[in-house]
Each structure stands twice: as structure tokens, then as C-alpha cells.
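The next block holds one structure in the form of C-alpha cells; read it before the comments.
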Amino acid sequence: MGYTLAQKLIRSHLLSGDMTPGSEIGLRIDQTLTQDATGTMAYLEFEAMGVPRVKTELSVAYIDHNTLQTGFENADDHRYIQSVCKKHGLYFSRPGNGICHQVHLERFGIPGKTLIGSDSHTPTGGGIGMLAFGAGGLDVAVAMGGGPYYITVPKIVFVNLKGRLQPWVAAKDIILEVLRIMSVKGGVGKIIEYGGEGVKSLSVPERATITNMGAELGASTSVFPSDEITREFMRAQGRESDWAARSPDPDAVYDEVIEIDLSTLRPLAACPHSPDNVKAVEEIGEIKVDQCCIGSCTNSSLFDMLKVAAILKGKTVHPDVSLSIAPGSKQVYNMLAENGALADLIAAGARILECACGPCIGMGQSPNSGGVSLRTFNRNFEGRSGTADAKVYLVSPETAAASALTGVFTDPRTLGDLPEIKMPDSFLISDNMIIPPAPESEADQVEILRGPNIKPFPATSALPEEIAAKVLLKVGDNITTDHIMPAGAKILPLRSNIPAISEYCFVRCDEEFPARCKAEGKGIIIGGANYGQGSSREHAALAPLYLGIKAVIVKSFARIHVANLINAGILPLTFADESDYDRVSMWDSLTLPEVRSRLEKGEQIILKNNTTGETLPLGARFSQRQTEILLAGGLLNYTREQNK
Ligand code: MIC
Ligand code: SF4
């Protein structure tokens, strides 16, 4: 029996555990990346580990999220990260060089290598056959220190792509179709592997759009084979020597197979407020559009930008629409400038932004009240745009550009003939915005530059024998990390200051939550299914930790968030019977009796609801390693104990 591509990549990096589905394995990590919104914490954690130089083959720190510098905080964080890179052996991608996933694909990704990044869209690297995972900052810090990255052995889903896309239908429509089929929780515990005849018609940027947005399926990661098309991309990036063919065995066995005939796909849109709320653009109808935003790590490649420029050329953006465009990297930006496409975008009236995450993370360009915003991004969670009542739709660059011209939701196929896009034979290569680390011999002299907003992470303590606390929040299904720890221009500058950012924890669901926690001193959160979906931000665990949250009891968790809770030393528990969710209410007084001994012995953890007098069994499956981390009160304590 042969292996799938994902299984082959796992096996070639396996450090511990066996490949039984559901069990925990440790992987050797070749490369890491961080971005600035999660990076400061990751580097504070790395510093706390006391490892002088990173032990990976390559580690890169990108500055792309917190680039709206409305106060000193973000610039201080950038300076801190730059000094850490210089001292500890990392490459530093300066602000202005582009979005981490786009730049990493262009300049550093290598087929067959493992990559973890403190950003949930790190699986973008799967577009060139990497095994790439989004992870919490602490997990990235451990990997930088040479430690393994632990995952649960996933099931492998094969997405068999047949046929070819019709004109005006894009890679974005493929991943939206996968989201329509699988939903935002359909990928949990799975790796999505793409293959079939249809793959041959997809370029690397198109593949990367698909693997990028696999994060929205809740999948561990997504991967495409590395083939001649990958080789061509690497050659055009001047990196053909890094290329290697990667493919599944012909007799590979998959846990699940999904077939998609590309030739039948139509332009699609994810409607408010979830990436899996997918409808065909032609079914949505000609609703009035207020804003279109083109860019983000999903759709900001040169290919995407050239398509948009060709659609806008010689035309003017509709008077009632604001169109913003953020190219994904300096390479893309520079090439658009050199070949004249940038002039076409400017002439049409697009608002050109710097190459960064920008509006995708609520850093500017919030829509008008109740506005309809069409975005080529990957998340349309309520409020993420910065306007609480905005209606955000996720669409392809073609659909966004077409609608920007007409002022209404427009199926791009109505525009007539597709303009021909000619991709250059080679990309413009200049790594002048990537600063290499100082030589090891000079590292001692490098001073770490810390701004006043950079505060240490909260202290944790070992798990007590019993937890007794009240329910301080009860939420429903599909709670995102944007609910737990919102981002945006106002809050993101506080990413290095847990006490300050905690004031915003859960305020989109319940404004009183932080104050209630402070008054009570400790508490428990009750949640529904897929709790913690979305980003990798460990702040969604560190802020509750700071506020005294001892346990989160839900129907089910999203992968990265549960790992972050464990790393922070907060008990992530699930109801053995999902309907027991209804048996616990806000303000109920709960006890987890003998929780420490039960966890230690691998016995079932039980929940006593003192308010109703009921006892509820909980389901919680932890590996030996996770158990030890929880007992120690989090990964940092655990690592310190191990190093004693
Ligand atoms: C996101 O898209 O939500 C982010 C911002 O990139 C996050 C990381 C963060 O919160 O800093 C992610 O996807 O992991
Ligand atoms: Fe940046 Fe948006 Fe991509 Fe997150 S999803 S990395 S905020 S562009």
C-alpha cells in the first residue's frame, strides 16, 4: 500500500510517535516564519528559553500586519523583532517587503520541507509541495530552538480536480467550492491533498490561493504536488536548484475523496459572515456594492494583480465604490510599476495601499456603516473589517474588479472576453529588504531593543487538584479567535502587552467580560462546536489566562486554538455528550473535582454543576506530553522543568 504525499512528507520528518490516526507525532521542522502581530510574543518566548541561535535550516521574521503606525507601539515592536533577528540568527523581512506568506513562497519556500509559522495561513507553502502548518507563537519558538512540532496524525482527504476552469472562473472559486462542500469545520483533523488532471492547469499562485484558504476549512494543512509547473515557478524566482519533485505514490490510499470538475465551476462568493456560506455570484443578484478590496495573502500575486489591471485598464471605478488594492509583495509591486499595470490601476481610480495585510486585519479601509464590501481575502467574520454592521463577501479578484466597475455585485463572465494575461518568464529578484542575521561571532554585541509597551507574558501556575469557578461566559458554535481577541487598528498595537490587550477580550460578544473576570478573579468559559476557529493568535489564550480563566468547556475545538490553550495552561475540555452544553448556564457554579489526579491517571474528568446539582462526564483526550504540559501549568513551565 503506497503513501499519500502528506504521509510521505510526514514520514520523512517524523521524530516521535507512530502514524496511527488520532495519535500524537513529533515532526522535525526545517523552516519557521513569524509575522509581527504574533512575532513579539514568539520572540519573548524564544528569549525565555535561553537558546542563543535558532536551530532550524531557516527562520524568517516578517513585518506585514502592524504597519499602520498610529503610535509608537508597532514601530517599537518592529525594532525589537529586528534586533532579535540580528542576534539570534534569523532573516528579517522589513516593513514594505510584503505579506509573509507571499514573500515566503517567492523567496524561501522549498518543496518537501516542513514549515511552521505563527500565522494560520502558513499552509500557503503547500502550493509548492511544502508541509506547512500554522501554529501558536510558543510552538514556533520551540521549533526555532530545535524542538519538534507536535500534531495529531491527520486523516488525508484527496481532492481530485478534473477538467479545466472556464474563462473568468478563478482558483478562489475552487477553494470556495471546497468550503461549500466541507464547511468551516469539515477539515478539522485532516490534511487536504490536491491532485488529478486539473492540477496541471493551475499555476503556483493559483495553488497557493487554494492551500492558503484551506485554513478556513479548519484543516491541519493542504498540499499540492511539486511538479514541472512548480519547477517553472522556482526557476522564474531564480531558485530552480531548490526544486524537487514531490508526489504521492500511485497506489496511495486516502481516507476520503472529493471530486471537483473545474469546468463546471462558476464564480462564487462567501456571503456574510462565514467563509463557508458560499453562493454563486449570479444567484446573489445585483446588490449594490460600497467597497472592493483586492489583496491579502490569498490573492495578491502578480498573476492576480495583472488580471485586475487588465480588467480596469481604460475604465473608471464606479462613483459609489471605493476600491483598494494592496499588492502582496515588493516583488509584485515593483513588477507592476515596471510593466505599467500599476499606472492602469491608478488611472482607474484604485486606492493603492502598501504591500501588507492592511484591510484584511482591519488595519484601515473599514467600510461605511452597513456597507457591502467585496474582498479577495479569506475571512469575513463579523466585525473583522472594523465596521460592526458591514457585510463582507469573499470573492475572486475578477469578481471584485468587475463589481468595482459596475457598482453592483457582478458575475465577471458578463464582461465579455477575458483579457489575455502574459506572465513574465522571470520575476524581478531583489532581496534588498531582507536583512540577514549578524554572524554568530558578533551576536553577543547585539543589543535587544525593547519599547515600553513590550510587557512579559503572564505567569502561570501548576494545575491544582480541584478547580472551582463560575461560568463567566457562555457562547455558541463557531466562535472565532476574532471574537475572543479582536484585532484591528486600535487593538493590534497592544499585542505585546497582555494586560492591556486583555481589556478587549471577548468584547465583541460581551462588553462586560473583562470587568466580570477581574471582579470574580477566576472563571470558566462554556462554548459550542469549533470553538477558536480562525487565526493562530495565542493572545486568544493568553488574554483569558491573564483574566483568570481556568478551563474552557465546549462541544469541540479548532486545532491551533486548543494547542494554544494547552500551551498557556488553560484546561481545554469537551462535553462527553454535546447536549450537556444545555445543562450549564451563565453564572452556574462549577467544580472539576480531583482534576489533577484524574488527568495524571488518565481517568475521565467530571464536571459538577453545583447550581443544578448535576454531574456531567467530560471527554478530554490528551497525549502524555499534553498532560504533562497541563500539569505543569503551560509549555513554558514544562520546558523549564524539563531543562532543570
Ligand atoms: C489573521 O488572518 O487572522 C491573522 C491576523 O493573520 C492571524 C494572526 C494574528 O492574529 O496575528 C492568523 O491568521 O493566524
Ligand atoms: Fe495577513 Fe490577512 Fe493573510 Fe492574516 S489572512 S496573514 S491578516 S493577509
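Here, each number is a calculation from the coordinates, and none is a lab measurement. Note that the coordinates shown come from a computational prediction; the quantities given were computed from them, not determined experimentally. Note that each Cβ is placed from the backbone with ideal geometry, even for glycine, and that neighbours are counted across all protein chains shown.
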Paramagnetic reach from E282 in the stretch 371-398 [backbone N under 18 Å; point 7 Å along Cα→Cβ]: 396, 398
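Which of F46, F72 comes first, and how do the rest follow, when ranked by fewest Cβ neighbours within 10 Å?
Listing F46, F72 from fewest to most nearby Cβ atoms yields F72, F46.
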Angle check, please: helix 72-88 long axis (alpha carbons) against the longest principal axis of the chain (alpha carbons), in degrees 0 to 90, nearest 10. 80 degrees
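Which value at 222 nm does the chain reach when only helices count, each DSSP H run of 4 or more adding -39,500 (n - 2.57), with the total divided by all residues and rounded to the nearest 500 deg cm²/dmol?
Taken over the chain, the calculation gives -8000 deg cm²/dmol.
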Counting other beta carbons within 10 Å of each Cβ, put W587, W168 in order, fewest first. W587, W168
With unit charges on the beta carbons (Lys and Arg positive, Asp and Glu negative) and the dipole taken about the Cα centre of the chain, which residue among C292, G634, F72 sits farthest to the positive side? F72
Length gain on complete extension for the stretch E447 to D389, per 0.36 nm per residue less the alpha carbon to alpha carbon distance? 16.3 nm
What is the distance, in nm, between label points placed 7 Å from the Cα along the Cα-to-Cβ direction at Q166 and at D261? 1.2 nm
Among the listed pairs K200/K279; K190/K279; K288/K391; K113/K162; K8/K155, which have their C-alpha atoms separated by more than 19 angstrom in this model? K200/K279; K190/K279; K113/K162
Give, as a single signed number, the net charge of other residues whose beta carbon lies under 9 Å from the beta carbon of C360, with Lys and Arg counted +1 and Asp and Glu -1. +3
Placing +1 at every Lys and Arg Cβ and -1 at every Asp and Glu Cβ, with all other atoms neutral, what dipole size does the stretch 1-138 have around its Cα centre, in debye to the nearest 20? 500 debye
Amide H neighbours of Y150 at under 5 Å, excluding residues fewer than 5 places away on the same chain, with H built from the backbone geometry, are L27
Over the stretch 312-460, what is the relative contact order in percent, taking alpha-carbon pairs closer than 8 angstrom and at least six residues apart? 20 percent
Can you compute the label reach from D477? Point 7 Å from Cα along the Cβ direction, backbone N cut-off under 17 Å, restricted to the stretch 578-619. 578-583
Treating the angle as unsigned and between 0 and 90°, give the value, to the nearest 10°, between the Cα long axis of helix 397-406 and the longest Cα principal axis of the chain. 60 degrees
Per the chain, sqrt(5λ) over the Cα gyration tensor eigenvalues, sorted largest first, in Å, gives 37, 27, 25
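Give me the extension gain from E641 to R235: residue separation times 0.36 nm, minus the current Cα-Cα distance, reported in nm with one decimal.
141.5 nm
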Among 455-461, 531-537, how do they line up by average Cβ neighbours within 10 Å per residue, starting with the highest? 531-537, 455-461
Quick query: amide H of A219 versus all other amide H atoms, modeled in the peptide plane; which residues come in under 5 Å with a sequence gap of 5 or more or a different chain? G187
Sequence order, the stretch 419-429: Karplus ³J(HN,Hα) from phi using 6.51 cos²θ - 1.76 cosθ + 1.60, θ = phi - 60°, Hz rounded, Gly and Pro as x, gives x, 7, 9, 9, 7, x, 6, 9, 7, 7, 10
Can you work out ³J(HN,Hα) from phi for every residue in the stretch 184-191, in order, using Karplus 6.51 cos²θ - 1.76 cosθ + 1.60 and θ = phi - 60°, giving whole Hz and x for Gly and Pro? 5, 10, x, x, 4, x, 10, 10
Starting from the amide H of V392, placed 1.01 Å from N in the peptide plane, find each other amide H under 5 Å away whose residue is 5 or more places distant or on another chain. S373
State to the nearest 20 debye the size of the charge dipole of the stretch 166-212 about its Cα centre, where the only charges are +1 on K and R beta carbons and -1 on D and E beta carbons. 160 debye
